[in-house]
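The values are calculated or read from the model by the stated rules, or taken from the named source; none is laboratory data. It should be emphasised that the depicted structure is a prediction, and the values quoted were computed from it without experimental measurement. Here Cβ is always computed from backbone atoms with ideal geometry, including for glycine, and neighbour counts include all displayed protein chains. Heavy atoms of the whole protein, side chains included, go into the accessibility calculation; ligands, DNA and RNA do not. Shrake-Rupley method; radii C 1.70, N 1.55, O 1.52, S 1.80 Å.
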Amino acid sequence: QLQLVESGGGLVQPGGSLRLSCAASGFTLDYYAIGWFRQAPGKEREKISCISSSVGSTNYADSVKGRFTISKDNAKKTVYQQMNSLTHEDTAVYYCAAQRAIRVVCPTGYTYWGQGNQVTVSS
């Protein structure tokens, strides 16, 4: 079965950094676009980054541009989200999602979703 599992979240101080991981099983990343999303309490889910299946082209939301970096290792079937200069506004549940796609960085929709991983930025 196709599964995505996020890890690496937790409690971090303002200004700190975390690296989230999204491990895929049951399929290869070679033909799937991956997106990172987050949802804070009382807010809509926000797409924050995308990466294409083969070339690995990326795109970022303005809210995280310059601070977050999405990357992946197709052989390890893992996608990463490096998060730097974290603030209280980055507190949210972070999700990774996958969609079979070729030559697409950010699909309009995603079929497969992880369960989410909490990131809390607090002093």
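Tabulated data for the structure shown
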item	result
Residue list for region 26-56, restricted to those being polar (S, T, N, Q), open to solvent by 40 Å² or more (accessible area, probe 1.4 Å) and modelled with pLDDT of 95 or more	Gln39
Scope region 39-57; condition under 19 Å from Leu18 (Cα atoms) and not in a strand (DSSP E or B); matching residues	Ala40
Selection from region 58-105 of residues that are more than 14 Å from Ser21 (Cα to Cα), touching a residue at least 40 places away in the same chain (Cβ under 8 Å), in a loop (DSSP other than H, G, I, E, B) and among the polar types (S, T, N, Q)	Asn84, Ser85, Thr87, Thr91
Unique match (being surrounded by 14 or more Cβ atoms within 10 Å (Cβ to Cβ) and polar (S, T, N, Q)) among Ser21, Ser17	Ser21
